[in-house]
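Take a look at the structure set out below.
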Amino acid sequence: MLVRVLGSAAGGGFPQWNCNCPNCDGLRRGSIRATARTQSSIAVSANGVDWLLVNASPDVLTQLRAAPALQPARAIRDSGIAAVLLMDAQIDHVTGLLMLRERSTPLPLMATPEVLSDLSDGLPLTRVLSHYCGVAPLPLALDAPQAVPGLPGVTVLALPLPSKPPPYSPFRERPRRGDNIGLLLANPQTGRRLFYAPGLGEVSDAVLATMRGCDVVLVDGTFWTEDEMIRMGLSRKAAAEMGHLPQSGAGGMIAQLDRLPSGVRKVLIHINNTNPILRDDAPERAELTAHGIEVAFDGMEIAF
């Protein structure tokens, strides 16, 4: 089974269009060693032809152009995308659905009932798409393995993660179980497993147990420090308030990943434009390397 990282940055991408933090400004000027990244999304395939798109970012068209395998060209109009699965209803994970409107058949859309409700009410993308290709909603059950239609050999298991729904949601201040998930993927041929969670605000005992049983974990790499955005004058919110666990500090992501067995491959994704780990030669990147932690990049492929 293969996972291709289509986008590895957090919302806004890297560089972010209106940001002049040291990272974004440095990348534009060519004064730092770093690589541009689009907003986070992955694609999963068991046969290299049919793919599950996990999150549809605003950058989806750019991402698809950079991934020829997702265009098998079997007909005058074609796509390797057999279905889309949404981890949450955040704008940077769902607005790319609008770019897939030229399909000739309804788009199979896997998401929890909570996410589907936000996309029919607070941000009515499914209603908008009904005037184009339409969607075929496939409610995603929690804590139960579920086959993906049109993708033989691909089974997913959605695990609820604590998080608030998006600001536009009617349930913003009344979070529901199912607003945000982690995704467990298993290869039925090898038994190997991968856990994907780009929005991970805390590592509970249940999440830790899941990660310990995996061969690969691809998890939240948004911020380096809890007060990163506050220190830079870019936000009044700390990482935890935004639903993310920073890498550094007591109980941070580095400390949590250090608790995993030595054979688990550890990769960070959904990296904010302010995070110093985006710089190839940053001491923070070297610290990750010392702990056996990789930083995802657009086009990265992970076989498991």
- Item | Pair list, Cβ under 7 Å, 6 or more apart: the stretch 115-127 residue more than 20 Å from Ala158 (Cβ to Cβ), other residue of a type outside the set (A, V, I, L, M, F, W, C) and assigned to a loop (DSSP other than H, G, I, E, B) | Asp121/Pro170; Gly122/Tyr168; Gly122/Ser169; Gly122/Pro170; Leu123/Tyr168; Arg127/Ser120
- Could you please find all residues in the stretch 71-85 being without any contact (Cβ under 8 Å) to a residue 40 or more places away in the chain and either assigned to a helix (DSSP H, G or I) or within 18 Å of Val156 (Cβ to Cβ) (or both)? Gly80, Ile81, Val84
- Would you mind listing the helices (runs of 4 or more DSSP H) fully within the stretch 190-304 where at least 1 residues are among the small types (Gly, Ala, Ser)? 205-212, 253-257, 283-290
- Task: Scan the stretch 5-36 for residues that are over 18 Å from Leu234 (Cα atoms) and within 13 Å of the chain's Cα centre (by Cα) and report the count.
- Result: 4
- Item | Test: Gly233 is among the small types (Gly, Ala, Ser) and under 19 Å from Leu161 (Cα atoms) | no
- Would a scan of the stretch 52-59 turn up a residue that is of a type in the set (A, V, I, L, M, F, W, C), part of a loop (DSSP other than H, G, I, E, B) and touching a residue at least 60 places away in the same chain (Cβ under 8 Å)? no
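Restricting attention to the stretch 258-276, report how many residues are within 16 Å of Val217 (Cβ to Cβ) and in contact with a helix residue (DSSP H, G or I) (Cβ under 8 Å, 6 or more places away or on another chain). Before you say what the answer is, go through the steps one by one.
Residues of the stretch 258-276 within 16 Å of Val217 (Cβ to Cβ): 258-271.
Those left that are additionally in contact with a helix residue (DSSP H, G or I) (Cβ under 8 Å, 6 or more places away or on another chain): 259-261, 264, 266, 268, 271.
Matching residues across the stretch 258-276 total 7.
So is Leu151 surrounded by 17 or more Cβ atoms within 10 Å (Cβ to Cβ) and touching a helix residue (DSSP H, G or I) at 6+ places or on another chain (Cβ under 9 Å) or not?
On the way: surrounded by 17 or more Cβ atoms within 10 Å (Cβ to Cβ): yes; touching a helix residue (DSSP H, G or I) at 6+ places or on another chain (Cβ under 9 Å): no.
In short, no.
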- Message: Name the residue that is nearest to Asn55 (Cα to Cα), counting only residues in the stretch 245-263 that are surrounded by 17 or more Cβ atoms within 10 Å (Cβ to Cβ) and of a type outside the set (S, T, N, Q).
- Response: Leu245
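Bear in mind that the values in this text are calculations on the coordinates, not laboratory data. The shown structure was predicted, so the numbers you read here are calculated from the model rather than taken from an experiment. Quick reminder, even Gly has a Cβ in these numbers, built from the backbone with ideal geometry, and neighbours come from all protein chains shown.
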